[in-house]
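The values are calculated or read from the model by the stated rules, or taken from the named source; none is laboratory data. Computed from a prediction, not measured in an experiment: that's the story for all the values here. Note: ideal-geometry Cβ built from the backbone for every residue, glycine included; neighbour counts use all protein chains shown. Just the protein is used for accessible areas: all its heavy atoms, side chains included, with ligands, DNA and RNA removed. Shrake-Rupley method; radii C 1.70, N 1.55, O 1.52, S 1.80 Å.
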Amino acid sequence: MEEPTVSAAESAPVVLDSSGGRVTRSEASAEVSAPGVYLASSPVAESPQPHDKSPCGCGGCGRAAPAADGTSHPLETYSPFVYAVGRLEPRMTSLAIEKEFAQATGRAETANLTDRQALHAVLSDPQSRYLAKHLCYVLVIQGIDTYILRPRDPADYDLLVDAIGASPRTSDLHVVIGLRGPLSPPDLCNGLMLPQVSFDQVYAFDADSLVAGLPKPDDLDEESFRSASRELFDRVIQIADNAGSSDEHRALNYSAVRYAQIYAHTAQAFASGLALTAVETRPSRLSGSSRNIQDVVLSYTNRTTDVTEKHFVRVDVTEAFPFLVTKLSPYYDR
């Protein structure tokens, strides 16, 4: 007797999707999930592709990672890059590390040092340098634990120790540039679960020193320029939900710490009777398929006539390191 033949579509295993519908295994495996997230319609994890083997878990260094919510909506992408401004806080990862650090502190010369100064002194000692790899480094933004930092290069733990500083102050801020990854496991940082950032660069600066180091225009007095610059810096840093992970916030943070002209222009606006009424970021009309460009727009309103004028800078945020495209220029709504 001739055996019945079965087509490939009929032989494919059948699974249920999130809505209860029947789909074949071949159809289910065609969906792509975000790193570390398995869709309900993909019960078996596929073997990772070569471009997925990234230390940051972001789908490949320098690539936008796919994001899926388990629905039938088209897949969206998010930028894996981070350009954040916050405060670096080292923390003990376990009781054993805390006791080991206490013993190393007892061997070091820590008289007349604060706790943070003693921490830096111990980590700077070559005999105790091994402890730097066992601490957890948390970036705190506006008082909220936001990221756990990990160097992409193991040799860059020295950058974290240097960023802590020998004489840390409460006004110290840290800039972190890197790639955002998955949530940390509970045992990485004593139960703290936050997105990990594999950083390329981290450095510290003091807000007062930043403002003091800005070049002052000749037509402005010193006190007016410094006060105006500090107000603008505080306004940019305190914008709600600025975790430095979206394209808009990366462009804004880059402008705040790397482009001095916006401070000089704001001081001149204050001297002319204008008030800084808005700081916003919009996708530039110059953005295309190959480059991602953001417009950072500053709005100034005349205190007497209530007329608003706008100026902007263009920042390219396509890759991990943003850069300036267009200098400060008048902005006109279209």
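Some notes on this structure:
- Taken across segment 314-321, residues that are assigned to a strand (DSSP E or B), of a type outside the set (Phe, Trp, Tyr) and over 21 Å from the mean Cα position of the chain (by Cα) do not occur at all.
- The set of residues in segment 110-120 being surrounded by 11 or more Cβ atoms within 10 Å (Cβ to Cβ) and over 28 Å from the mean Cα position of the chain (by Cα) consists of Thr110, Leu113, Thr114, Ala118.
- Of the strands (runs of 3 or more DSSP E) lying entirely inside segment 45-151, those carrying at least 3 residues that are at pLDDT 90 or above are 81-92, 135-141, 144-151.
- Taking segment 176-210 as the range and being open to solvent by less than 20 Å² (accessible area, probe 1.4 Å) and modelled with pLDDT under 90 as the test, the residues that pass are Cys189, Asp206, Ala207.
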